[in-house]
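Visitor: There's a structure below that I have some questions on.
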Amino acid sequence: MDTKHYLYLENQYGANNYKPLDVVITKGQGVWVEDVDGVRYLDCLSAYSAVNQGHCHPKIVETLVEQAQKLQLTSRAFRNDQLGPFYKQICQMTGYEMALPMNTGAEAVETALKAARKWGYTIKGVPNDKAEIIVCDGNFHGRTVTVISFSSEEQYRDGFGPYTPGFVNIPYGDLEALRSAINSNTVAFLVEPIQGEGGILVPPEGYLKAARDLCAEQNVLLIADEIQTGLGRTGKLFASDHEDVKPDMVILGKALSGGAYPVSVVLSSSEILGVFNPGDHGSTYGGNPLGCAVAQTALEVLVEEKMIENSAKLGDYFQEKLRAIPSPHVKEVRGKGLLVGVELKPEAGGGRKFCEALQERGVLAKTAHANVIRFAPPLIISKEDMDWALERIEEVLMIT
């Protein structure tokens with residue numbers, strides 16, 4: 001079957017909740033993917049940073065197959081021999097005392113929100129049902145009803161009310177707005193160290209550190225959503241590390257499994273995650289042996305193969321080269337590590353046509369909001385492959 005037939009099947013039988021580029025991928029290895037017509041592409045999206053370790057990383061695939069043939073799922077009604085080692089590995093690697101595993105990023109965000117509220121009631125002493133959590137305009141933390149309740153993107157909310165109360169929105173990167181929003185019922189501040197879906201928005205230097213200090217001063221939990229920015233994407237283990245900030249809670253997903261299986265986790269202290277009692281929260285698949293085994297290997301190869309260091313080095317190189325392109329369409333290049341946004345001027349006519357032009361030349365990228373082209377290749381990318389992509393990116397950005 002060719003591309004046209006697969007597009008027909010999706011359009012005929014699938015819900016119309018996505019508008020992907022018209023490329024039908026059938027296989028991938030490392031930074032390269034191939035479509036059903038045999039055309040190769042350099043992947044500069046990494047499944048929204050879920051494939052940091054590259055497509056079909058051999059060690060991750062080996063672990064997946066080996067564990068799937070041995071034991072896949074027990075539910076949390078019983079213990080399994082992969083969960084404890086996963087807890088130990090990720091806690092020792094990140095410096096947190098406790099971990100609570102789930103499956104998707106949105107589930108982990110919901111977990112963190114529940115933990116913050118219960119901490120507020122049982123530890124901080126906030127009156128029942130009065131807890132407030134501060135969030136930022138332009139945020140993207142998932143698509144559950146609670147999460148879209150505090151989204152500032154109208155399309156994410158339209159038709160899905162009534163909304164979950166208890167959230168206060170402030171401008172992103174505005175420390176004084178955060179200070180003004182905190183009151184005695186505030187239990188947490190949920191923030192992305194870099195807003196990915198918001199357009200690869202990097203807050204002012206020192207913002208996260210100042211927010212960390214303010215939250216500590218006011219007895220408010222700082223929750224960092226590192227689902228997209230974590231695990232090496234920005235050239236550090238966590239994007240928070242760029243300012244030597246240790247949040248009270250960190251939310252991880254996506255690259256935690258190298259794209260091989262849905263795994264997410266909330267990391268925090270024993271005081272905060274200790275508010276949960278048996279039956280308070282859970283998931284049939286959360287902490288399953290298959291996911292835990294895959295996650296352990298995904299974390300191991302991230303360190304062993306120095307992917308974080310490569311992200312830092314080639315991220316700087318990539319941004320330097322992008323900024324040197326004398327494109328009449330580019331307003332700004334921004335990002336950290338290998339999470340890079342090229343914002344186009346409004347008169348450029350939006351980013352999709354540029355992404356389609358890149359696709360024609362063998363490079364896959366996607367927009368973040370209408371005018372920002374997001375580039376996030378796997379962290380294993382070589383300078384040679386990056387230069388190959390840069391030639392084509394420059395050609396597209398120079399189109400008049």
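The values are calculated or read from the model by the stated rules, or taken from the named source; none is laboratory data. Predicted model only: the values in this text are computed from it and were never measured. Cβ atoms come from the backbone with ideal geometry, glycine included; neighbour counts cover every protein chain shown.
Visitor: Could you grab the pairs with beta carbons closer than 6 Å, sequence gap of 6+ or different chains, first residue in region 47-62 and at positive phi, second one among the charged types (D, E, K, R) and not in a helix (DSSP H, G or I)?
Guide: Final answer for the pair search is Ser49/Arg233.
Visitor: Please go through region 187-213 and give me each residue that is under 17 Å from Lys236 (Cβ atoms), in contact with a helix residue (DSSP H, G or I) (Cβ under 6 Å, 6 or more places away or on another chain) and touching a residue at least 60 places away in the same chain (Cβ under 8 Å), ordered by number.
Guide: The answer is Ile194, and nothing else.
Visitor: Return yes or no: is Thr104 surrounded by 17 or more Cβ atoms within 10 Å (Cβ to Cβ) and among the hydroxyl-bearing types (Ser, Thr, Tyr)? Before you say what the answer is, go through the steps one by one.
Guide: Numbers: surrounded by 17 or more Cβ atoms within 10 Å (Cβ to Cβ): yes; among the hydroxyl-bearing types (Ser, Thr, Tyr): yes.
Against the criterion (surrounded by 17 or more Cβ atoms within 10 Å (Cβ to Cβ) and among the hydroxyl-bearing types (Ser, Thr, Tyr)), Thr104 qualifies.
Visitor: Let me ask something additional. Enumerate the helices (runs of 4 or more DSSP H) found wholly within region 94-168, keeping only those where 1 or more residues are in contact with a Leu (Cβ under 9 Å, 6 or more places away or on another chain).
Guide: Values: elements: 105-119, 145-149, 154-157.
Hits in region 94-168: 105-119, 145-149.
Visitor: Next question, about the same structure. Filter region 205-249 for residues that are under 20 Å from Ala106 (Cβ atoms) and either among the small types (Gly, Ala, Ser) or outside the structural domain of Glu110 (by TED's automatic domain parsing) (or both) and give the result.
Guide: Answer for region 205-249, where residues must be under 20 Å from Ala106 (Cβ atoms) and either among the small types (Gly, Ala, Ser) or outside the structural domain of Glu110 (by TED's automatic domain parsing) (or both): Ala224, Gly230, Ala239.
Visitor: Condition first: more than 15 Å from the chain's Cα centre (by Cα), over 24 Å from Ala376 (Cβ atoms) and not basic (Lys, Arg). Can you find one or more residues in region 302-319 that meet it? Spell out the reasoning first.
Guide: Here is the first cut: in region 302-319, the ones more than 15 Å from the chain's Cα centre (by Cα) are 302-319.
Remaining after also requiring over 24 Å from Ala376 (Cβ atoms): none.
No, region 302-319 contains no residue that is more than 15 Å from the chain's Cα centre (by Cα), over 24 Å from Ala376 (Cβ atoms) and not basic (Lys, Arg).
Visitor: I've got another one for you. For the structure I just gave you, tell me whether Val263 is closer than 12 Å to Pro101 by Cβ, touching a residue at least 12 places away in the same chain (Cβ under 8 Å) and either over 16 Å from the mean Cα position of the chain (by Cα) or surrounded by fewer than 17 Cβ atoms within 10 Å (Cβ to Cβ) (or both). Quick ask: steps written out before the conclusion?
Guide: On the way: closer than 12 Å to Pro101 by Cβ: yes; touching a residue at least 12 places away in the same chain (Cβ under 8 Å): yes; either over 16 Å from the mean Cα position of the chain (by Cα) or surrounded by fewer than 17 Cβ atoms within 10 Å (Cβ to Cβ) (or both): no.
So Val263 does not fit the description; no.
Visitor: Just give me the residues in region 324-352 being surrounded by 14 or more Cβ atoms within 10 Å (Cβ to Cβ) and in a helix (DSSP H, G or I), in sequence order.
Guide: If the condition is that a residue be surrounded by 14 or more Cβ atoms within 10 Å (Cβ to Cβ) and in a helix (DSSP H, G or I), then Ala348, Arg352 are the ones that fit.
Visitor: Determine whether Leu113 is outside the structural domain of Gly341 (by TED's automatic domain parsing), closer than 30 Å to Leu7 by Cβ, crowded, with 21+ Cβ neighbours inside 10 Å and touching a residue at least 40 places away in the same chain (Cβ under 8 Å).
Guide: On the way: outside the structural domain of Gly341 (by TED's automatic domain parsing): yes; closer than 30 Å to Leu7 by Cβ: no; crowded, with 21+ Cβ neighbours inside 10 Å: yes; touching a residue at least 40 places away in the same chain (Cβ under 8 Å): yes.
Spelling it out, it is not the case that Leu113 is outside the structural domain of Gly341 (by TED's automatic domain parsing), closer than 30 Å to Leu7 by Cβ, crowded, with 21+ Cβ neighbours inside 10 Å and touching a residue at least 40 places away in the same chain (Cβ under 8 Å).
Visitor: Here's something else I'd like to know. Taking Ile170 as the residue in question, decide whether it is modelled with pLDDT of 95 or more, aliphatic (A, V, I, L, M) and within 24 Å of Glu107 (Cβ to Cβ). Give the derivation first.
Guide: Working: modelled with pLDDT of 95 or more: yes; aliphatic (A, V, I, L, M): yes; within 24 Å of Glu107 (Cβ to Cβ): no.
Considered against the rule, which asks whether it is modelled with pLDDT of 95 or more, aliphatic (A, V, I, L, M) and within 24 Å of Glu107 (Cβ to Cβ), Ile170 comes out as no.
Visitor: Answer yes or no as to whether Pro278 is surrounded by fewer than 18 Cβ atoms within 10 Å (Cβ to Cβ) and outside any helix (DSSP H, G or I). I'd like the intermediate steps shown before the answer.
Guide: Working: surrounded by fewer than 18 Cβ atoms within 10 Å (Cβ to Cβ): yes; outside any helix (DSSP H, G or I): yes.
Yes: the conditions hold for Pro278.
Visitor: Collect the residues in region 77-93 that are surrounded by fewer than 20 Cβ atoms within 10 Å (Cβ to Cβ) and outside any loop (DSSP other than H, G, I, E, B), keeping them in residue-number order.
Guide: Gly84, Pro85, Tyr87, Lys88, Gln89, Cys91, Gln92, Met93
Visitor: If I go through region 39-76 residue by residue, how many of them are outside any loop (DSSP other than H, G, I, E, B), hydrophobic (A, V, I, L, M, F, W, C) and farther than 19 Å from Gly196 by Cα?
Guide: Our first condition is that a residue be outside any loop (DSSP other than H, G, I, E, B); within region 39-76, this holds for 40-43, 46-49, 55, 58-68.
Keeping just the survivors that are hydrophobic (A, V, I, L, M, F, W, C) gives 42, 47, 60-61, 64-65, 68.
Filter once more, keeping what is farther than 19 Å from Gly196 by Cα: 42, 60-61, 64-65, 68.
Within region 39-76, residues that are outside any loop (DSSP other than H, G, I, E, B), hydrophobic (A, V, I, L, M, F, W, C) and farther than 19 Å from Gly196 by Cα number 6.
Visitor: Taking only region 164-184 into account, find how many residues are loosely packed, with under 14 Cβ neighbours inside 10 Å, under 26 Å from Pro127 (Cα atoms) and either without any contact (Cβ under 8 Å) to a residue 40 or more places away in the chain or in contact with a Lys or Arg (Cβ under 7 Å, 6 or more places away or on another chain) (or both). So that I can check it myself, show each step before the final result.
Guide: Here is the first cut: in region 164-184, the residues loosely packed, with under 14 Cβ neighbours inside 10 Å are 165, 171, 176, 180, 183-184.
Now restrict to residues that are under 26 Å from Pro127 (Cα atoms): 165, 176, 180, 183-184.
Adding the requirement that they be either without any contact (Cβ under 8 Å) to a residue 40 or more places away in the chain or in contact with a Lys or Arg (Cβ under 7 Å, 6 or more places away or on another chain) (or both) leaves 165, 176, 180.
Looking only at that region, the number is 3.
Visitor: Suppose the filter is under 20 Å from the mean Cα position of the chain (by Cα) and outside the structural domain of Phe86 (by TED's automatic domain parsing); does Val330 pass it?
Guide: no
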